[in-house]
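Taking it in order: structure first as structure tokens, then the write-up.
Derivation of every value follows stated rules applied to the coordinates shown; laboratory data play no part. These numbers come from a predicted model, not from an experiment. Because the Cβ atoms are built from the backbone with ideal geometry, glycine has one as well, and the counts that use them run over all protein chains shown.
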Amino acid sequence: MTTSWGNIDGKGRTRHQNKGTPMETILTAYSVNPVCCNGCGACAAMAPELFAMDETTEKPVLLLAEAPVDDVERAMAFCPHDCIEAD
Ligand code: SF4
């Protein structure tokens, strides 16, 4: 017996799972202009999932090839010299 929240389409999906399209995370590539960057570390502090500071160069390194647009834009907002770019 199948309830209204059970397997309703024969593919194991429920009515709830079939309702609408799930939210998708939009990814973007991002980069830092090393000439512009003064190594303040704000990006790594505000978005540690995206950046880490290289102790040798004192510049940020990218931790991901692509990241959620919202996270990249948050880091961009905190860069005092607008050195972070979304591709
Ligand atoms: S916030 Fe901007 S200036 Fe500061 S380290 Fe990051 S990229 Fe460089």
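Return the pairs, sorted by first residue and then second, in which the second residue is surrounded by 18 or more Cβ atoms within 10 Å (Cβ to Cβ) and of a type outside the set (D, E, K, R), the first residue lies in the range 38-50 and is on the phi > 0 side of the Ramachandran plot, the beta carbons are less than 9 Å apart, and the residues are 6+ apart or on different chains.
Note: pairs meeting the criteria are Gly39/Pro60; Gly41/Phe51; Gly41/Pro60.
Taking into account only those residues within the range 63-87 that are within 11 Å of the ligand (Cβ to nearest atom) and surrounded by fewer than 16 Cβ atoms within 10 Å (Cβ to Cβ), which is nearest to Ile26 (Cα to Cα)? It would help to see each step written out before you state the result.
The initial filter retains those residues of the range 63-87 that are within 11 Å of the ligand (Cβ to nearest atom), namely 75-85.
In the following step, the residues that additionally are surrounded by fewer than 16 Cβ atoms within 10 Å (Cβ to Cβ) were identified as 77-78, 80-82, 85.
On the way: Ala77: 18, Phe78: 20, Pro80: 25, His81: 25, Asp82: 22, Glu85: 16 Å.
So the residue we want is Glu85.
Across the range 44-62, what is the total count of residues that are over 13 Å from the mean Cα position of the chain (by Cα) and either within 11 Å of the ligand (Cβ to nearest atom) or buried (at least 16 other Cβ atoms within 10 Å of the Cβ) (or both)?
Applying the first criterion (over 13 Å from the mean Cα position of the chain (by Cα)) to the range 44-62 yields 44-45, 52-61.
Subset that is either within 11 Å of the ligand (Cβ to nearest atom) or buried (at least 16 other Cβ atoms within 10 Å of the Cβ) (or both): 44-45, 52-54, 57-61.
The qualifying residues number 10.
For the range 24-41, which residues satisfy the criterion of being within 6 Å of the ligand (Cβ to nearest atom) and not polar (S, T, N, Q)? Explain how you work it out, then say what you get.
Of all residues in the range 24-41, those within 6 Å of the ligand (Cβ to nearest atom) come to 32, 37-41.
Once the filter is applied, which keeps residues that are within 6 Å of the ligand (Cβ to nearest atom) and not polar (S, T, N, Q), the range 24-41 yields Val32, Cys37, Gly39, Cys40, Gly41.
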